[in-house]
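These notes concern the structure reproduced below.
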Amino acid sequence: MHSNPPGPDEIGTDTFHVWSRNETPAAKNALLDETGVVTTRKSEHQSQVTRIFTNGQPLHDFESFDSASRGPWPSFLLIWKTRASHLVSLGALLTIVNLAFQPFVQQAVSFPQRLVPSGNATVPTIYNITVNGLQGNNVGNLNIVGSVPSATVSAIYAGLNGGANLSEVVPYCATGNCTWDLYDSLAICANPVANLTHLLTRTAIRLFINTTSISFNTQGPNTIPSTAYPGNQTLASIAFPDIPVVLDFFMIYYSPSINNVAAIEASLSFCGQTYNTSVHNGQINTTEIQKWGRLDTSQTFDFPKMWPLRNFTTLWVAKGYSDSLQDALAKIFSGYYEINDNEDETYSSVAVQALNSSLIGSQDDVATLSLFRDEIAVSITNNLRTGTGSVAFEGVMYGVETYVLVVWVWLILPIYIVLLTLIFLLATIQMSHGCRTKTWKSSSLAVLSGLSSETQDQLGGLTSMATVEERSERVRVRMVEDKSGWKLAAE
């Protein structure tokens, strides 16, 4: 740190300023630049003295050389005047190019930031689900092992509202910048949506007071109860009977896209998914890389196996938990929807209302329902990954490190300036030594005190700058030594 000089009202006090990381190189840069300027100025003046010592020169040259050491324009004029034929021209050139010294050095050195590993980060995932994740007794469940937690039920309803995404699972990342390798997790996957309208045959239209009911029969062995709008079917897909499901629901509804009654089916299954998670500047981003396998929840042993195995980890769900989740989903995805003659709407459940809101006005019912069940699957998956039995998958946490970056190409000119300054200094010393020139202070006072009486008589009275410049151009001087020291004597 350095001490600032006290102000006029701070006599006797010391103020201190601590150099920051950015100020320290700037101060060193300025110090180096100023050192080069001073060296050039002193060498330039001494080379002038040597020139006057060896050859008589106009007295005005003191002014020309002194001005040249203080700025680029006088230096340019000096180079022009001497036709770059004297060593002092090198000093004038260095005075000009020194203007670029600091800008070039500032461009060469910067202090960017980079991310470096600084610890472990974790993200929740889940491989196995046991009945420990259940609570209470579930009378509707034949196994009577308990019901799914209220948080899982809330996640199902949250999925009905839409907007669920995998990035809602919050990892531990204290620095706000973390990465993980690809990792696996138990998940809920949405199966393809099937349009079952071709299975319907209209049999009757019956009118009731304020209510219209339409009955249908299917053309195949499966039947769709006319009272289900939508209704819960057995846990086997009508369109895809080979797919093991944890939820299967269909609905008969009026489709504006075809202006007729339609039937559609959707289902969910336990599966495995592979994720890629990262955190950048506090923003979490989790994407699904792959989904694989479907868990056959119809098996009778306690924990159905999930195949294939990944990373030597077996994914499984206890059958008691699977049964309880099926029961909870079946209760939510059931009900009916009615419109009376006054166009008053009646919804028997939140799921029915959400389905109707999604499909009303849809131009592609399959695509709309696909998006609907995708968001439900993501919402339940997020709940499972952060619930009972979840584990922490480790990743890398990155901290911010500031480092010095030097772009060496920007230092070429400053290095050449320093080298030329040293050459100029050594050449001036050598020339002064060879001519036995004494060191002369670069000061106007030194020039005035060094004028001999004869030279002062030739100058005469000086009443204006114009007179000074005119006579100093006319009077040529050289350095001579007498008993009192060195003098500037007129030729």
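The values are calculated or read from the model by the stated rules, or taken from the named source; none is laboratory data. The structure presented is a predicted model; accordingly, all values stated were derived computationally and were not measured. As a convention, Cβ positions derive from the backbone with ideal geometry for all residues, glycine included, and neighbour counts pool all protein chains shown.
Tell me, yes or no, whether segment 76-86 has at least one residue that is outside any strand (DSSP E or B), in contact with a Leu (Cβ under 7 Å, 6 or more places away or on another chain) and modelled with pLDDT of 70 or more.
There is no residue in segment 76-86 that is outside any strand (DSSP E or B), in contact with a Leu (Cβ under 7 Å, 6 or more places away or on another chain) and modelled with pLDDT of 70 or more.
Can you tell me which residue in segment 350-386 is farthest from Asn128 (Cα to Cα), limited to those that are small (Gly, Ala, Ser) and out of contact with any helix residue (DSSP H, G or I) (no Cβ under 6 Å at 6 or more places or on another chain)?
Among residues in segment 350-386 that are small (Gly, Ala, Ser) and out of contact with any helix residue (DSSP H, G or I) (no Cβ under 6 Å at 6 or more places or on another chain), the one farthest from Asn128 (Cα to Cα) is Gly361.
Are any residues in segment 306-320 within 42 Å of the chain's Cα centre (by Cα) and modelled with pLDDT of 55 or more, and if so, which ones?
Residues satisfying the conditions are Asn311, Phe312, Thr313, Thr314, Leu315, Trp316, Val317.
Condition check ((1) outside any loop (DSSP other than H, G, I, E, B); (2) under 42 Å from the mean Cα position of the chain (by Cα); (3) hydroxyl-bearing (Ser, Thr, Tyr)) across all residues:
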site	(1), (2), (3)
Gly335	no, no, no
Glu338	yes, no, no
Thr346	yes, no, yes
Ala351	yes, yes, no
Thr368	yes, yes, yes
Ala392	yes, yes, no
Gly395	yes, yes, no
